[in-house]
């Protein structure tokens, strides 16, 4: 990520259990990050409990005085996007120093102060009697993964105008900025800011439709593997799985694999979704069950009980599997369940 944004600091986004990769283990693997970003207070506390001393940013901020006290105790940086959060800071009487990221909503319409409200929010934060308050500013791009979409240009213009109108775009009053998430880092070099916030790309997956990680020199971090439980013969005309959604057009050999929606595989995976066994791809057939899937391995007698299979990962991009499920790689990675055994290599 540093190669894509020379000179920028890196706020590694490890929310949602590090996109399914393991919160603490990922933080340790990314020990050279300048900061970590999480969504929930509990995620930050878990990192501190594991001995992580790197700055931690709460992307959704805090919502009551108890949360603010916890954030202060653990020295979390706060994203402020709502007037209530300014009021909570104003009422806080502790001695702690806070780093506050003011979020400007430039078009995502999710969290943040609208551009015309930014100057007022900034003034209120500057007027607080908190002992030490370092103010920074960020925004989030809604369509950076659509390379021909002008919305990104519009959002950048709104962001710069908001900063300029408040007198903090340049000069001695200039605020440190953060703009670029994974899609912007990979394709919008002028939409980064002083801090970048890579998420999906850290885990070797592409945020762009119809492109996989290899297109950007990224390597998948997660490989989801399972084993063959049994191989059974299915006669021509017979069906496989619930509701009989796949019917054998010839006498077939069907491998039953130990993986299902109880492990995080989407039930929406369609017939023909590839599964990697050895160096070859085979088609998923029938519906995904809670604990099992079926794969047509006709003509591959080397596949037997105990043979390893890759659901996604090295050699089989998660982006491709997500497309077969009608979803995005974020959802697949985050959806791997707790009953899956994790190994770090």
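Some notes on this structure:
- Residue list for the range 112-135, restricted to those being touching a strand residue (DSSP E or B) at 6+ places or on another chain (Cβ under 9 Å), more than 19 Å from residue 161 (Cβ to Cβ) and free of Cβ contacts under 8 Å to residues at least 24 places away in the same chain: 126
- Positions within the range 248-278 being assigned to a loop (DSSP other than H, G, I, E, B) and within 17 Å of residue 317 (Cα to Cα), in sequence order: 264, 265, 266, 269, 270, 272, 273, 278
- Within the range 96-111, the residues that satisfy the criterion of being more than 18 Å from residue 191 (Cα to Cα) and either touching a strand residue (DSSP E or B) at 6+ places or on another chain (Cβ under 9 Å) or not assigned by TED's automatic domain parsing to the domain that holds residue 156 (or both) are 96, 97, 98, 99, 100, 111.
- A single entry from 113, 98 fulfils the requirement of being surrounded by 21 or more Cβ atoms within 10 Å (Cβ to Cβ), within 16 Å of residue 127 (Cβ to Cβ) and modelled with pLDDT under 95: 98.
- Options 121, 127, 144: the member that is farther than 26 Å from residue 16 by Cβ, assigned by TED's automatic domain parsing to the domain that holds residue 190 and surrounded by 22 or more Cβ atoms within 10 Å (Cβ to Cβ): 121
- Count of residues meeting criterion [assigned to a loop (DSSP other than H, G, I, E, B) and touching a helix residue (DSSP H, G or I) at 6+ places or on another chain (Cβ under 7 Å)] in the range 38-53: 3
The values are calculated or read from the model by the stated rules, or taken from the named source; none is laboratory data. Given the structure is predicted, the values throughout are model-derived calculations rather than measurements. When we count neighbours, we look across all protein chains shown, and the Cβ atoms used for this are built from the backbone with ideal geometry, even at glycine.
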